[in-house]
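Take a look at the structure below.
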């Protein structure tokens, strides 16, 4: 990835860490002259923009970009309106620069504690430096709200992590380097984590051991009444806090799962009955509690969850189990884990692998949806014939054109989905929306529900019309609903649209990645003609058969009913309509 | 308390470890008395040298409570920069003039 670092101090050290820190993504970054922040932000033709950077960091000192703030530092009176105006001008410059990159990161303003020497006046209404700092940061954040490609970052966190030498006077006077290297290292970790999140590479699952991870002690020996959890005990309290943090991650859409060597009945009884358990069985997307090899259990569990091994983190207190799993499953992230239970929460929150730029309703509901998935799969196991089972689901697929409301989730899906993904394009919300709104393109989202519940917005299809041909650009489906004939429903929508537009041929070019073989396998059995190694074609004169057990609902302005005069009304399209 | 020559070499090597974190693996500075630090044959560019000096000064202040300004010494005594050993010798000499960190 190409990064551009813009700053009013020497930020070369951050660039060096970004380039040489071993974790993904690999970054090639450049810095600009540190006296030219505004010029660089405002000048679209500046040379640094010519190779469009994948991301930009704009890290400034408030006293350097806000003249009125400089006055406050010098104990001169400052005009509050002018100060706000200068913040707004800086924000406008950021807004302008954000159009030249996929992601623009803005560390919040901070000042050296050596400035805050006014004691009681630091927070005073008129001249308080600390108060003004808070206000300009809030104003900056508020003016940047809603810009999908702009991501403010919390500098104070890095300062706290670096400790009392975060502002390094030696480096400042020797090289105009504002911060100690510990600050730049913390910033590097957060930036790389953010870039992984934006690129859809954030971890999706935490697989947990039980004994000495969720509680202290061996439940099989002591029973749930004898384990350490909560109470007036440092380790017990720490483990409750650890569970709280895990639950908070689950609310952000990170799935929790268990792989533990235990008797399932004893372990689940502990989870259900211990009064201080924060996590209950409903909080877990899946579990393997038995005496089998943990690596084998993890593979089995991840298959059930329909997720790749590289999307999971495995937490185990035993170094032997960690080593075994690391060796057997190198794709899995197995962090070192502290012996001291009081450090578990810190270890969890230091993992830097769950960063996501979005928090959608689907994220919040993911744990519940996983529980529903489990029930659905159990129902599948009770029926021998797939078609018979699908018919019992009473699946409804709601089709909607891409719009401002569904854009965040659609962009998230585009950027996170690996397996059922035809092109594996990664685009920012803004870029995707701009791309979708071109005259010759159609983009739909697909929301799937059945008798067990709502799986949420789980599919995207985009079509590019070119004369007599139409190309399927994106064919993206969440692994949660793969194999339930939703794929065929999506194809039927594409072909119906092509027919409406007088298109003769619909085709799809498969772009191979290490992970999207399921997509290739679907197109191979889809009924489309296999033209060459990667191209599949459908003659639009023929209707594409929609599975009769699916109810397809076209909502709002879905474009394949171009000729409909009632296009703003919800419409039920059954398989009969599409035939 | 002032560090011994061996302890100073230890500080220099610790500082080089940290500087190396910013360098590609094939450009890292060897921790050896003969390693040339700056100049045409040196392994550090000007920014790398600034980082190195600041780290050595900081560690000296943190571990031994001694304030020493190595950049001034370095700019006036080019021979001191020839390699790690001569840097350590010069550094050790300057410590006799150094004052405790306030």
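Just one of the listed residues (B:37, B:23, B:44) is within 30 Å of residue A:23 (Cα to Cα), in contact with a helix residue (DSSP H, G or I) (Cβ under 7 Å, 6 or more places away or on another chain) and away from chain A (no Cβ under 13 Å), and it is B:37. Within the option set A:51, A:35, A:78, A:97, being in a loop (DSSP other than H, G, I, E, B) and either within 14 Å of chain B (Cβ to nearest Cβ) or touching a helix residue (DSSP H, G or I) at 6+ places or on another chain (Cβ under 6 Å) (or both) holds for one residue only, A:78.
How about the range A:323-344: which of its residues are surrounded by 14 or more Cβ atoms within 10 Å (Cβ to Cβ), over 21 Å from residue A:240 (Cβ atoms) and over 26 Å from the mean Cα position of the chain (by Cα)? Selection gives A:324, A:328. Summed over the range A:1-22, the residues that are within 14 Å of chain B (Cβ to nearest Cβ), over 22 Å from residue A:198 (Cα atoms), out of contact with any strand residue (DSSP E or B) (no Cβ under 7 Å at 6 or more places or on another chain) and in a loop (DSSP other than H, G, I, E, B) give a count of 2. Criterion first (at pLDDT below 95 and more than 14 Å from chain B (Cβ to nearest Cβ)) does residue A:197 satisfy it? Answer is yes for this residue. Filtered by the rule that a residue be touching a strand residue (DSSP E or B) at 6+ places or on another chain (Cβ under 8 Å), assigned to a helix (DSSP H, G or I) and over 26 Å from residue B:54 (Cβ atoms), the range A:136-166 gives A:140, A:141, A:144.
I'd like the full set of residues that are modelled with pLDDT of 85 or more, under 12 Å from the mean Cα position of the chain (by Cα) and farther than 17 Å from residue B:14 by Cβ, limited to the range B:33-49. Hit for the range B:33-49 is B:36, nothing else.
State all residues of the range A:100-135 that are over 27 Å from residue A:191 (Cα atoms) and not in a loop (DSSP other than H, G, I, E, B); if no residue qualifies, say none. Scanning the range A:100-135 gives A:119, A:120, A:121, A:122, A:123, A:129, A:131. Inclusion of residue A:179 among residues that are over 30 Å from residue A:318 (Cα atoms), within 14 Å of chain B (Cβ to nearest Cβ), touching a strand residue (DSSP E or B) at 6+ places or on another chain (Cβ under 9 Å) and modelled with pLDDT under 95 is not warranted.
Filter the range A:309-322 for residues that are touching a helix residue (DSSP H, G or I) at 6+ places or on another chain (Cβ under 7 Å) and more than 15 Å from residue A:210 (Cα to Cα); which is surrounded by the fewest Cβ atoms within 10 Å (Cβ to Cβ)?
Only one residue fits best here, namely A:309.
Residues that are in a loop (DSSP other than H, G, I, E, B), more than 12 Å from chain A (Cβ to nearest Cβ) and in contact with a helix residue (DSSP H, G or I) (Cβ under 8 Å, 6 or more places away or on another chain) occur in the range B:3-15; there is at least one. Going through (1) surrounded by 15 or more Cβ atoms within 10 Å (Cβ to Cβ); (2) within 26 Å of residue A:94 (Cα to Cα) one by one, residue A:134 falls short only on (1).
With respect to (1) touching a strand residue (DSSP E or B) at 6+ places or on another chain (Cβ under 8 Å); (2) under 30 Å from residue A:504 (Cα atoms), the lone exception for residue A:419 is condition (1). Here residue A:505 meets the list (1) touching a residue at least 40 places away in the same chain (Cβ under 8 Å); (2) farther than 29 Å from residue A:449 by Cβ almost entirely, failing just condition (1). Of all residues in the range A:234-269, those that are touching a residue at least 60 places away in the same chain (Cβ under 8 Å), over 20 Å from residue A:314 (Cα atoms) and in contact with a strand residue (DSSP E or B) (Cβ under 9 Å, 6 or more places away or on another chain) total 1. Residues of the range A:58-75 that are without any contact (Cβ under 8 Å) to a residue 24 or more places away in the chain and either assigned to a strand (DSSP E or B) or closer than 18 Å to residue A:112 by Cβ (or both): A:70, A:71, A:74. Selection of the range A:161-176 for residues being more than 8 Å from chain B (Cβ to nearest Cβ) and under 20 Å from residue A:35 (Cα atoms) yields A:167, A:169, A:172, A:173, A:176. Of the residues making up the range A:167-177, just one is surrounded by fewer than 21 Cβ atoms within 10 Å (Cβ to Cβ) and part of a loop (DSSP other than H, G, I, E, B), namely A:176. Testing residue B:61 on (1) within 18 Å of residue B:4 (Cα to Cα); (2) surrounded by fewer than 20 Cβ atoms within 10 Å (Cβ to Cβ); (3) within 11 Å of chain A (Cβ to nearest Cβ); (4) under 11 Å from the mean Cα position of the chain (by Cα), one condition comes back false. Which one is that? Checking residue B:61 against (1) within 18 Å of residue B:4 (Cα to Cα); (2) surrounded by fewer than 20 Cβ atoms within 10 Å (Cβ to Cβ); (3) within 11 Å of chain A (Cβ to nearest Cβ); (4) under 11 Å from the mean Cα position of the chain (by Cα), the one that fails is (4). Every listed requirement among (1) under 24 Å from the mean Cα position of the chain (by Cα); (2) modelled with pLDDT of 85 or more is met by residue A:148 save one, (2). All conditions but one from (1) assigned to a helix (DSSP H, G or I); (2) away from chain B (no Cβ under 14 Å) apply to residue A:25; the one that does not is (1).
The residue that is modelled with the lowest pLDDT, among those in the range A:465-478 that are part of a strand (DSSP E or B) and more than 23 Å from the chain's Cα centre (by Cα), is A:466.
The values are calculated or read from the model by the stated rules, or taken from the named source; none is laboratory data. Here the structure is a predicted model, which is why all the values come from computation and not from measurement. All Cβ positions, glycine included, derive from the backbone under ideal geometry; neighbour counts span all protein chains shown.
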